[in-house]
Every structure is written in structure tokens, then in C-alpha cells.
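Working notes for the structure below.
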Amino acid sequence: MYNLHQTEGVILSSANFGEADRFYTLYSRDFGKISVLAKSVRLEKSKLRGHLAPYSLARISFIEGKDHFRLTDAEEISAASPTSPDAYYVSSRISLLIERLVPGPEKDEALWNFLRNSFLYLLNTGCGNGYSINDFESLFKARLLHRLGYVSLPEGVLGQAIAGNDWPPASAENLNFNDFEKFSQKGLTESQL
């Protein structure tokens, strides 16, 4: 008997498999980072086809197969509708970073909330409010590295912005976003990633 699981997740990437199948990597609320196989999803008649857009938020159901998880149902909750090509590009970059830094399936409610809110903000607003898409990416990387334990929190305004969850950060006008990039690069170098 197969165990059926249901959860929400942000779709990070996909890879074609065989003639009509596709593997999806997503970060889910209840299981962390997982890969699921969607059978025949590349066919025109597939019921799942329109619900698995990259970087969108979806409610999914899957079963534990012998070798991998197999997708049985999907419903798009929030479509990825980037307001600019830059927002879509940054979404792909941060998705790759998540895939690289998050080791595997492990539930982390705080990380889930952070990722969900970050993707929704980026794709639905395209940043704005006095800071650029590059500023968003720099702060996102710093926050992700801190939340995953790769770097400790610095003192002062920089540390407060990294510890926060708000988009845009409350003190955006007082921040030098180059500091976030330096902080992130230091963390990536020290962790050898």
C-alpha cells in the first residue's frame, strides 16, 4: 500500500525524464526539499501540466514509490507572474542557490515561510519601494545563509535586516546592499560552496 502525502511547495526547477515525464524539485512546507516525478506531464492532455510552472506556489499530492516520490495531483495556488524579466532571472538564480545549499528532505517551518514569502514578493511586485532587484537578491542570499546556519548574524543594522522577514526591509533607505553581497560571498567562501 502506498502512502499518500499532501503539502504546499515552491517549484524550484524541473528536468525532463524519458519521453513525457519530468522531475520537479521543490521546497515543501511539510517535507523540505524534495524531488517528485510527474508521469506524462509533458503531454498536451496532461491534467497536471498547467499547475507546475517554475517558481510558482502549488498544492501537491504524491505517493512514495519504490525509487522516488510520484506526483498524483497538483493545484497552482499562486502563479509565477514576474513583473519583469529580471525578477524571473533572479528567481532562477535563488532557486539554484536553494537547491545547492539545502541538503535534502527535512521539515523547517521557518525556512518554508521565508522562502514562500520571498518568492511571492519577488514575483508579484518585482521589488520596487526604493531598492532594486539586485538588492533583493543580495539580501535574500544573506538571509538564506544565516537561516541555514552557514554564517552568524552580524551586529547593527545589517544584522537586524538579515534577521528580519519583511520585504522590503523596514530600514531599506538606511542600508548599503553591497554589504549584504560581501556578507554572502564571505559565507559562501567559508562554507566552501
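Annotations
- Put a plus charge on the Cβ of each Lys and Arg, a minus charge on the Cβ of each Asp and Glu, and nothing anywhere else: the dipole of segment 78-123 about its Cα centre is then about 80 debye.
- With protein chains left intact and a 1.4 Å probe, residues in the chain average 52 Å² of accessible area per residue.
- Listed residues Phe31, Ala87, Ala15: farthest to the positive end of the dipole of the chain (Cβ charges): Ala15
- Cα extents of segment 24-79 along the three principal axes, largest first (Å): 27, 25, 14
- The chain: translational diffusion in µm²/s, Stokes-Einstein, Kirkwood Rh over Cα pairs, 4 °C, 1.567 mPa s: 74 µm²/s
- Compared with the dominant principal axis of the Cα atoms in the chain, helix 177-190 is inclined by about 60°.
- Highest mean first, the peptides 133-141, 9-17 sorted by other C-beta atoms within 10 Å per residue fall in the order 133-141, 9-17.
- Pairs of lysines in segment 1-124 whose Cα atoms sit within less than 20 Å of one another amount to 4, provided the residues are eight or more positions apart or on different chains.
- In degrees, nearest ten, helix 85-101 long axis to first principal axis of the chain (Cα): 80 degrees
- The apolar share of the surface of the chain, taken as the fraction of accessible area on carbon and sulfur atoms (1.4 Å probe, ligands and nucleic acids excluded), comes to 47 percent.
- Dipole magnitude of the chain about its Cα centre (Cβ charges: Lys, Arg +1; Asp, Glu -1), debye to nearest 20: 520 debye
- Loop-located GluC sites (Glu not before Pro) in segment 1-70, at most 13 other Cβ atoms within 10 Å (DSSP): Glu19, Glu44
The values are calculated or read from the model by the stated rules, or taken from the named source; none is laboratory data. What you see is a predicted model, and the numbers here were worked out from it, not measured in a lab. A quick note on method: Cβ atoms are made from the backbone with ideal geometry, for glycine too, and the neighbour counts reach across all protein chains shown. Accessible surface is based on the protein model in full, side chains and every heavy atom, while ligands, DNA and RNA are left aside. Shrake-Rupley method; radii C 1.70, N 1.55, O 1.52, S 1.80 Å.
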